[in-house]
Each structure stands twice: as C-alpha cells, then as structure tokens.
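Colleague: Have a look at the structure that comes next, please.
The values are calculated or read from the model by the stated rules, or taken from the named source; none is laboratory data. Predicted, not measured: the structure shown is a model, and the values here were computed from it. Quick reminder, even Gly has a Cβ in these numbers, built from the backbone with ideal geometry, and neighbours come from all protein chains shown.
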Amino acid sequence: MNLTKKLISTHLITGKMVPGEVIELKIDQVLSEDATGTLVMLELEALGAREVKAEICAQYVDHNVLRADHRNGDDHIFLESACRKYGIWYSRPGNGISHPVHMSCFGIPGKTILGADSHTCSAGSLAMLAIGTGGIEAALAMMGFPLSLVMPKILGIRLEGELRPWVSAKDVILELLRRYTLKGCWNKIVEYHGPGLKKLTAMDRHVIANMGQEMGAVTSVFPSDNQVRLFLRQQSREEEFVELIADENATYDEEANIDLSKIEPMIALPSRPDKVVKVHEVEGRDIFQSYIGSSANPGLRDFSIPARIVDGLIIPHSVAFDINPSSRQLLHELTHSGDLEKLLGSGAHLHDTGCGGCIGMGQAPASGHNSLRTVPRNYPGRSGTKEDSVYLCSPETATASALRGKITDPRNLDIDYPNFKEPEYLMDMRPLIQPPQEIPVKVELKKGPNIKPLPVLRKMLSVISGPILLKLEDNVSTDEIIPGGTEVLPYWSNIPELSRYTFPKIDDSFYKRALGTKGDIFLIAGENLGHGSSREHAAIALHYLGVRCVIAKSVAQLYRKNLIDNGILIFTFDNQSDFDNFNQGDELRIFDLSSCTRGNMSLELENLTQGRKTWLKSDLSEREVKIIKFGGRINYTKAIINKMKKGH
C-alpha cells in the first residue's frame, strides 16, 4: 500500500478504496478559525449539539484579530463561550495561525483531521489525512458524524536530489503549480515520497502541503519519518511519534518525479497562484512591499533566514518590509535567538501574530504598486487593495527584493547563504490554549449585536424558474464571491449584512438586483468556479439572496460541496460551447427535478427568452439531491436526527 491508502483504510467506515466510489471516514480531529468558526458554532447550536465527540476539536482566533470596533471582539467572546459550552479547545488572539499552532500542539501522525479552512491540508506534513471543508461539515464531524467523499485518485510524486542554496520549499510548490495549474489535481491526493524528503523538515513539508490546495488537490500526504520525530521532539511531544511510510514498491494511480536540485527561485505573477515563472524572468520590476508570514510560510526558518540576510543592512525607505509572525512560539524564539533584533534593525515593520494581510486584514499594498508576499493566494483584491498587484514567492526572494527595492533573484545577492539549524526545543504552546472543561456545565452563548442567527434556507420546489442574474467567466474564486478584508470580515457572523458584499469586485449591483428579483435566481459560470478558500459564506449568502441554481463549465470541489450543503443546485453543460448561448438576463426554467434522484445524469433546461432548450449534466448523488430538496445540510440532518429520536 501507499501511505494514503494506509491512512484511509484505518479510518474507513463504508465504501471501497476505488477511485470514484463514495467512502465514509472516521474523523479524529476538527479545527476551525474565527472567520469560519462563528458559523460552525451557530451550526452546532442549530443542530442541537450538546458536546463534541471527536478526539480533539480546536477553535483558533487568527483572522479577525484587528479590533477596529466591537464586532470582532464580540465574535471572540462568542467563540470562547461556545468552546466552553461544547467542549472545544480555544486559542485566543495572538496565539497564532491555526495551522502551524495546531500542528505544534495537536498534530499526530496517522490521525484524520477535518477543518473549516481550506488550508487544513497543511497537516498532511505530519502524515495526517487532513482535509479542508465548509463549516457545516466541520460541525457535523465535531458531533461524530463521518466524512463522506468520493475516493480520490492518488498522485505519487517522488522527490529526488537536494535543494540548492537560495531555493526553499516555497519554490518547490510554485514549480508544481506551474506544472499542474489551479485544477490539475482535482479529485486527487498528492503523496510525496522518495530520497529527496530526507532533508525537508516538517515545516518545509508544511509549506508544500499548504499550497497543494491551490492545485485543487483533496489534500497532500507526507510520511512520518525522522524529520517528523525531530519536529515532535521540538514540541516536547516525541512520545506521540509513530513511523508511517509507504510500503516498498508501493504503487500510485499516477506518478511524477521532481529533482529538487534542478529547481530555481520561482514566483507567481498577479493575480493567480499558478501564473508561475522563474524569478530571473521578471527581475528588475520595482516593488512597494515585501511581506513575510502566513500559513504558507510559517516556520522558524522562514523568518530566521530573512533576518540573517538583512543583518547589518537597511531596507530602502521606499519599501514596506512587513513581518507577520505565525505564532507566539515563533516570536518567542526569534526574540531569544536575536533574529527579531536583526529584522527590526533593518527597518522591518512587525505585525501581530495571525493571518493579517494574507486575508486582507491590514498591510494592504499601495495602489498601482507591486507587492511580494510569501502567502498562499494572490487573487484580485484579496490583499485589501482593490486593484492590487501581488506576487507569491519564497522568503529568500521577498527579502532579496526588499533589499534591492525591485524583484531580485536571491542568488544575485553578494552574500553567502545564511546558516540555519532548527533548535532542539521550542516553547510549549499548549498552556496558552484553553482546554475543554472536564465536566460539561450549562453555558450561555454570548452573542453580541452583530451575531445573527443562521438564515432559514428554503426547500427546493420541483420546478425552478427565473433569470440569469450574473454570468461569470473562468476561475472566479470564493474571494471574489464573498471577500475578506477589514470591511467585510467582521460581518462573517451576520449573513444578512454580509450578503450586501456579494460579488463586489465583479458586479457591485448584484445585491440590489437580487433583492429586486421575483422568482428563482440562476448563475452561469465558466471553468473552476469557487476555487480557493473553503468559506461557506460564498454559498449561504447566495441562497439567502435567492440563488437556486448554478450552471457552470466546472465547479471546484470544495465549493461544489458548500453549494449543495446550502441547498443550491449544480449542473454542468452537456456541451461546453453551450456556455456562449446564454446571456445575462435570460429567463430560464427547469422541470422535473425529481428525475435526478433516479440516476438520470442529464436534465433539460428551457431558455424562455431565446425559445431554446439545452441539456445539462448532473453528477449529483441521490443523497445530494435529497440535501438540496431539504434546503441544505442542516435541515436534512435535523430531519435524520428527529427520525432517530422517534426510533425510526
């Protein structure tokens, strides 16, 4: 067996490990962060949960740490009260980004973890089966429900050779994005193996696993070997180490090879993570900002190497050199080692531990100027600047470019590559996280004025009819459907108010037009709709505004699930060219939705405006159609729970 199948087989409840087959998996751990966590907790309340049942459930405050008014603080109080009510670990603001903190405190080789954040896949660096999802799925996993998914194909990538100086793990994943693009790993788990792993630390692997999500992968998996042992020892948890590797001569559905010694410094151009070129191809472009931090580069070496590059040097006054530490643990070590002093002495600007500018929560770049960032995504406007120009790169490239004031291949600096060795031990973060109460007690959820109940989602009728309110092109991300940032993130616990910000960068009239629409609303879209963040807000806000059906060339896997869980129909075009035959404003009608439940893979769509009919494809399972008919996963699950209570 390969390692992925070993992990799946030990958690398999139903189904067979055959690509395309539906399987159910036991989930050991669940995490959420504050941007998505408020809905997770509201969903637990709506489902009537009493206490969580997964082995470890943890709630992190890392996105909305900027308290410009009462709203984010109210969310934090609500989340802390919900954690005490349901038995969940609570990590307060300033502890750090959920993914590296969870890896340090709770990551255990061989466990499964589901997270209400798309970059939960980062935990694959510890030989965990780690999958990002929407909040409803996370809430159900907390309650002990299994995860249902289609068995993916397994892509085995053999790593050979060794990274050269000035090249690091970020360059590896950028090279893979260049090869596979945003959707090249759909319905696949990427498993890394081979001799090249020997010198890639657990945090190097975290960088690669984190951005596997940008390739569309279900998750990424690394073995649990000596590097993982060293990481757990560093966290004072070596007793939790277990060796987990693929069998000798293990096979994969697909295979590829990467020679690490041939990888060069890489950079993703604005405004997509897969627009990757070699740094020297764009060298010389002026920059305004270099930004180091985020879940994509959260390791100590990602800050210590830049500190040692700039030691004794001064960043030009025209460049903002922004440092976003990923955790208290890391900030403690940077202070202890003297590397923080080196960064501050160069003119770097130190920010709070958390997601910060990665999610548009501060550190926005100047308009019309280039920003280099070590973050995982550079979708349009995600930085907080509407017309931004964000490049993705390694800490080495970001630092070299900051020193020169222009994009620079770090190999062209006139200094030796700094030496760095991981310390044997780091500060234990666990005492800083509030543990679940041993004895469940009655706790009242503390809801501030901005926290609103979940909207009641309507059941699906057998006939839906209405206009195409918006026609979208290819690769529209969830950031572009519902943005983050300082203005919008505080409303993520308030769906009625949040819905005002639907498609603001594409069509800022969408909200008002939706409110004024009679009948059901259709959306037409191109390829890869909804890729990126797992935020279910990009689905529930659409349902709240009356969207009942999405017809696309293709829909990203995570977003597909979120649409279904929030009661929205999904179809694809039987003929891709049919996309061109639809115009915004066309009135559409679909009859006999019930035919989907009989395994019918096609359905007729009537365009009343044009007087033509089009065939649509459906890959909805019978269960998924039932969920949509109920008006979403919460209604569907409550009906099941009620039946169980009645003894049916």
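Colleague: Given the criterion in contact with a Gly (Cβ under 7 Å, 6 or more places away or on another chain) and of a type in the set (V, I, T), identify the matching residue among I451, I464, I468.
Modeller: After applying the criteria, what remains is I468.
Colleague: Inside region 251-269, can you point out the residues that are outside the structural domain of T201 (by TED's automatic domain parsing) and in contact with a Pro (Cβ under 8 Å, 6 or more places away or on another chain)?
Modeller: Result: P265, single match.
Colleague: In region 354-412, which residue that is charged (D, E, K, R) and under 24 Å from I481 (Cα atoms) is surrounded by the most Cβ atoms within 10 Å (Cβ to Cβ)?
Modeller: Among those residues, the one meeting the criterion is R373.
Colleague: Next up: For region 48-164, give me every one of the strands (runs of 3 or more DSSP E) that falls completely inside it and has 3 or more residues that are assigned by TED's automatic domain parsing to the domain that holds R382, farther than 23 Å from L25 by Cα and out of contact with any helix residue (DSSP H, G or I) (no Cβ under 6 Å at 6 or more places or on another chain).
Modeller: On the way: elements: 56-60, 89-91, 112-116, 129-132, 147-150, 153-160.
Output list is empty.
Colleague: For a quick check of your reading of the model, give me the residue pairs whose first member lies in region 76-87 and is touching a residue at least 60 places away in the same chain (Cβ under 8 Å), whose second is crowded, with 19+ Cβ neighbours inside 10 Å and polar (S, T, N, Q), with beta-carbon atoms closer than 8 Å and at least 6 apart or on different chains.
Modeller: F78/T38; F78/S493; A82/Q59; C83/Q59
Colleague: Among the residues of region 574-615, which ones are at pLDDT 90 or above and within 30 Å of the chain's Cα centre (by Cα)?
Modeller: Scanning region 574-615 gives a single hit, F579.
Colleague: Out of everything in region 471-501 that is of a type in the set (S, T, N, Q) and touching a Gly at 6+ places or on another chain (Cβ under 9 Å), what residue ends up being surrounded by the fewest Cβ atoms within 10 Å (Cβ to Cβ)?
Modeller: T486
Colleague: Next up: Any residue in region 459-479 that is at pLDDT 95 or above, part of a loop (DSSP other than H, G, I, E, B) and closer than 15 Å to K386 by Cβ?
Modeller: The answer is no; no qualifying residue exists.
Colleague: I258 versus (1) in a helix (DSSP H, G or I); (2) within 25 Å of P19 (Cα to Cα): which is the lone unmet condition?
Modeller: (1)
Colleague: Residue by residue through region 1-35, note down the ones that are of a type outside the set (A, V, I, L, M) and not in a loop (DSSP other than H, G, I, E, B).
Modeller: T4, K5, K6, S9, T14, E24, Q29, S32, E33, D34
Colleague: What number of residues in region 237-264 are of a type in the set (K, R) and under 26 Å from the mean Cα position of the chain (by Cα)?
Modeller: 0
Colleague: Sticking with this one: Could you pull out the residue among S304, S290, S295, S271 that is at pLDDT below 95 and surrounded by 23 or more Cβ atoms within 10 Å (Cβ to Cβ)?
Modeller: S295
Colleague: Ok, one more. Assuming P455 fulfils every condition listed in (1) under 30 Å from K518 (Cβ atoms); (2) assigned to a strand (DSSP E or B); (3) not hydrophobic (A, V, I, L, M, F, W, C) apart from one, which condition is it?
Modeller: (2)
Colleague: Residues being among the small types (G, A, S) and farther than 19 Å from I305 by Cβ: count how many of those fall in region 383-408.
Modeller: Residues meeting the conditions: 4.
Colleague: Being in a helix (DSSP H, G or I) and within 23 Å of the chain's Cα centre (by Cα) is the filter here; which residues of region 210-227 pass it?
Modeller: Initial filter on region 210-227 (in a helix (DSSP H, G or I)): 210-215, 226-227.
Matches in region 210-227: N210, M211, G212, Q213, E214, M215.
Colleague: Can you pull out the residues in region 403-417 that are free of Cβ contacts under 8 Å to residues at least 12 places away in the same chain and touching a Ser or Thr at 6+ places or on another chain (Cβ under 6 Å)?
Modeller: none
Colleague: Let me ask something additional. What pairs come up if the first residue lies in region 13-24 and is over 14 Å from S621 (Cα atoms), the second is part of a loop (DSSP other than H, G, I, E, B) and charged (D, E, K, R), and their beta carbons are under 6 Å apart, counting only those six or more places apart or on different chains?
Modeller: What qualifies is I13/K26; G15/E21.
Colleague: With in contact with a Ser or Thr (Cβ under 7 Å, 6 or more places away or on another chain) and either more than 20 Å from L616 (Cα to Cα) or not hydrophobic (A, V, I, L, M, F, W, C) (or both) as the only criterion, which of S509, S534 stands out?
Modeller: Values: S509 fails: in contact with a Ser or Thr (Cβ under 7 Å, 6 or more places away or on another chain).
Just a single option satisfies the conditions, and that option is S534.
Colleague: Give the residues of region 484-529 that are of a type in the set (S, T, Y), modelled with pLDDT of 95 or more and not in a loop (DSSP other than H, G, I, E, B), sorted by residue number.
Modeller: S499, Y501, Y511
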